[in-house]
Every structure is written in C-alpha cells, then in structure tokens.
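Here the structure is laid out as structure tokens; the discussion comes afterwards.
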Amino acid sequence: MVGAAGQNPALPQGMIWPADDVLKDVRAELFKIRNARDTVVGVASRTVTRDGSGEVIDWVLHLPARGSMFVNMRPEALKGGFRRGELRAGSREFARLGGLMSERWVPNTSGDPDAPTGRVELVTNYVSRQDTP
Amino acid sequence: MMKYFIALLLGALLGAAIFAIGLIHNPFNVDSGLSPLSVSDSEVIALSFSGVPSEAIVFTNDGDSHVKPFPEKVQQLWEAPIRLSSVTATVVYDARGQAAGLGIKFSSRSERTRLLQGDAIVDSAWYIYLPDRGSLFVEQSENHWGYLRDVVFPAYRSSANSWKGAWLGDLTVGPGALHTAAVTGGAGSLRGLKMEAVESLSVRAYSFDSGPVAAEGRLLIELPWTSEGLEGESSSE
C-alpha cells in the first residue's frame, strides 16, 4: 500500500486516502518483509511526514511470534543512497535490544517486465541494551 | 453390543457439550475490570478509531477469515509466517471527534493463547502519527477472550448469524504489570518519552459473515507526570 495526499493512482486500487488536512503531509507505505532467503517473515510500515524540525521517517517492523521494532530514521541520505536510523523500541525478543538500521533502494535489474521496479533493503545491527538501575 | 456403542456415543457427545459450556462459562475466567488509566490523574491522549474493517483506509489479513480485506484488491497476508496476522491503517480521532492523525496496527495471533485459561492472546503494535504532537509506538498483548465469548460466539450461535447489543471491554493485558501497553515517543514533542496505554473496544453489532458491523476502538495514552516540552501542550481530554 502507498497512501499520500495527491497520490495517483492510489495503491491498492480502490483505496481512498482521507482528505483530512492533518494527513496532507503524511505518506504511508506497507510492505511484506523478506529475509535473505527471499522468504516472507513479517510486515512493515514506513511513514514519512514533515514537522517543524524537518522530515520524519519512521519504520515499524512486525515479525509474528518474534516481536516488533520501531526505528526512527535520520532524514539525510548518506553516500551510496543509504539512510540510517536508530532502533528506538521493540517488543518481545527485541525489547532489550538497541542498534542501528539502514535502508537502501535496490533497483531491479533482472529485465523481467513483470518484476517490481525494485526493493527496499533493510540491514539491522543489534546491541544488547543494559537497564540502568 | 449396539447399546454399548450408543451409550458411548451419547457419553462422548454429553462430555463434549459439558466441556464447551464449561469453556465458555468458566467461573474462574473473570474480566480484568476497570483499566488503571481510566482513574489516572495524569494527563492523557484519548484517541478513537473505527472498529469496522471496511471503514479503515486499508485492512488486510490472510483472506480466508470471515472478516474480509478492504479494499478488495489489497494484497493478502497468505504466506505461512504471516497468515495469522492482520494490518490496519486508519484515521484516528481526538476526544472531540476531529481527525487527529494516522494509526497503523499490526496484529498477530499469539502462540501463548490458552483458551482453557480464558486467554485468546493477540500480540500487536501500533504506529501512530499525530501532526500536533509527533509519532508513537505502542506495543501490547491483547486478550480477545471476552470479545469472543460475549460477541463472536453468540453471533455464531444466532440463527441470523449476527449479534446486537452493547459490549465494552479493555483488550490490553500487557506487557505492563497493570495490564497496560508500553508506549515510546518517536518524534515531535513526544520524542523519547516512555508512556503507558490501554486499548478498549466497544461493539454494538457483529455479523459472523463479515465481522464487526458497528464498533469503535479507543486508545488511552497516559503522558508522563513531568516532561519538558509538554508543558502547556497537553490537555486532559
């Protein structure tokens, strides 16, 4: 799903993005997450908004039976088309983890006309978070 | 020989019926009662949203459930690891009924479900963006047993495959010790804040063929007692 004010055509077909003013600067995308072996293991959302301090890019990754992660990306793109963000919160097995995540757009070069135009590659590095007494 | 077989069959049917009645009307399964946040003195953010999938922006699941994805052409979550999951994107409203932002909810049936103990557990996570305040991540475990027992099962038993009435219950049962969800602020004035929340559901009509017909969800998010940047911005709603 891709939803944003003025998005044309809306995805999926038949979806109506609300015309409320509060959502005029919000763009939301929903994804299926695949692991390195190309198997679907979860679902995710990527939301891009704009507030007084600039662009806000948030990911939520949900892996059934494992937990969910909330990642707040830095808006500026790095060399190589990367963007990096910080794991802010998690549930279940991610509850005691911190770390970094990078996102990168990888275009599809297979030449298959039915293939999607590309994919978003997410790489996450975890570190154990120590609770301060 | 035949009479023993008939007696065995009747005994098995009677046992199954007693088991089903005991499961649904188990006196040891009591509702958790009043949410701790509903009597809190702290300032709260009260959000509501439609509980009817066809009133969401997008709702999707495995496609085989009686609650159908919306809109029809949305991709379904048919792959084995996500088959027991659903995703909803919806507008969230403030206490005055004005659109306040966007909510995206991920839910998965939990392996911790124990129907004999009255636990129909769903693990869920909300992403909420409120332009006036910032973004929030809400992670929680929900117990849908009361909803299944009082709404879905009566609709299934009804000759019209539907239920009408008034059901209101808190769904959140954790991870907080007081049956509250854990909330983390991501951006805006809520950035870095740790909060608690409770999600509740109010249902007035349910159809076993299509799911909730008239239902409203509510999220009550308790703001921290002291927080720089929130002064003058938060209001008890």
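Of all residues in the range B:33-52 being more than 14 Å from the chain's Cα centre (by Cα) and open to solvent by 20 Å² or more (accessible area, probe 1.4 Å), which is modelled with the lowest pLDDT?
B:G33
Within the bounds of the range A:13-28, is there any residue that is over 21 Å from B:T184 (Cβ atoms) and under 13 Å from the mean Cα position of the chain (by Cα)?
So far as the range A:13-28 goes, yes, one or more of its residues are over 21 Å from B:T184 (Cβ atoms) and under 13 Å from the mean Cα position of the chain (by Cα).
Quick one: in the range A:69-81, which of the residues that are within 13 Å of chain B (Cβ to nearest Cβ) and over 26 Å from B:D123 (Cβ atoms) is least open to solvent (accessible area, probe 1.4 Å)?
A:P75
Residues being in contact (Cβ under 8 Å) with a residue 12 or more places away in the chain, in contact with a helix residue (DSSP H, G or I) (Cβ under 6 Å, 6 or more places away or on another chain) and assigned to a strand (DSSP E or B): count how many of those fall in the range A:46-67.
The number of residues fulfilling the criteria is 1.
What is the residue count in the range A:82-115 for residues that are on the phi > 0 side of the Ramachandran plot and either of a type in the set (S, T, Y) or open to solvent by 50 Å² or more (accessible area, probe 1.4 Å) (or both)?
Final tally of qualifying residues: 2.
Hand me the list of strands (runs of 3 or more DSSP E) wholly inside the range B:146-237 holding 2 or more residues that are in contact with a helix residue (DSSP H, G or I) (Cβ under 7 Å, 6 or more places away or on another chain) and at pLDDT 90 or above.
The strands (runs of 3 or more DSSP E) meeting that bar are B:162-170, B:194-207, B:211-222.
Considering only residues that are open to solvent by 90 Å² or more (accessible area, probe 1.4 Å) and in a strand (DSSP E or B), which ones fall in the range A:116-129?
Answer for the range A:116-129, where residues must be open to solvent by 90 Å² or more (accessible area, probe 1.4 Å) and in a strand (DSSP E or B): A:R119, A:Y126.
Kindly provide the set of residues from the range A:26-40 that are surrounded by 11 or more Cβ atoms within 10 Å (Cβ to Cβ) and either more than 16 Å from A:D58 (Cβ to Cβ) or more than 7 Å from every other protein chain (Cβ to nearest Cβ) (or both), ordered by number.
A:R27, A:E29, A:F31, A:K32, A:I33, A:R34, A:N35, A:T39, A:V40, listed by residue number.
Looking at the range A:41-57, which of the residues that are more than 10 Å from the chain's Cα centre (by Cα), of a type outside the set (D, E, K, R) and facing chain B (nearest Cβ under 7 Å) is surrounded by the most Cβ atoms within 10 Å (Cβ to Cβ)?
A:G42
Scan (1) out of contact with any Pro (no Cβ under 6 Å at 6 or more places or on another chain); (2) more than 7 Å from chain A (Cβ to nearest Cβ); (3) more than 27 Å from A:D38 (Cα to Cα) for the single condition B:L102 breaks and write down its number.
Against the list (1) out of contact with any Pro (no Cβ under 6 Å at 6 or more places or on another chain); (2) more than 7 Å from chain A (Cβ to nearest Cβ); (3) more than 27 Å from A:D38 (Cα to Cα), B:L102 comes up short only on (2).
Within the range A:82-93, can you find the residues that are of a type in the set (A, V, I, L, M, F, W, C) and within 9 Å of chain B (Cβ to nearest Cβ)?
A:A89
Suppose we keep only residues that are open to solvent by 70 Å² or more (accessible area, probe 1.4 Å) and among the hydrophobic types (A, V, I, L, M, F, W, C) within the range B:53-104. Which one would you say is farthest from A:R27 (Cα to Cα)?
Here the residue is B:A80.
State the number of residues belonging to the range A:1-23 that are facing another protein chain (nearest Cβ under 9 Å) and modelled with pLDDT of 80 or more.
So the answer is 11.
Hey, could you check the range B:128-145 for residues that are in a loop (DSSP other than H, G, I, E, B) and within 14 Å of chain A (Cβ to nearest Cβ) and say which is most open to solvent (accessible area, probe 1.4 Å)?
Within the range B:128-145, the match that is most open to solvent (accessible area, probe 1.4 Å) is B:D132.
The values are calculated or read from the model by the stated rules, or taken from the named source; none is laboratory data. Keep in mind that this is a model prediction, so the values were computed, not measured. Glycine also receives a Cβ, built like all others from the backbone with ideal geometry; neighbour counts cover every protein chain displayed. Remember, those area values only see protein heavy atoms, side chains included, never the ligands or the DNA or RNA. Shrake-Rupley method; radii C 1.70, N 1.55, O 1.52, S 1.80 Å.
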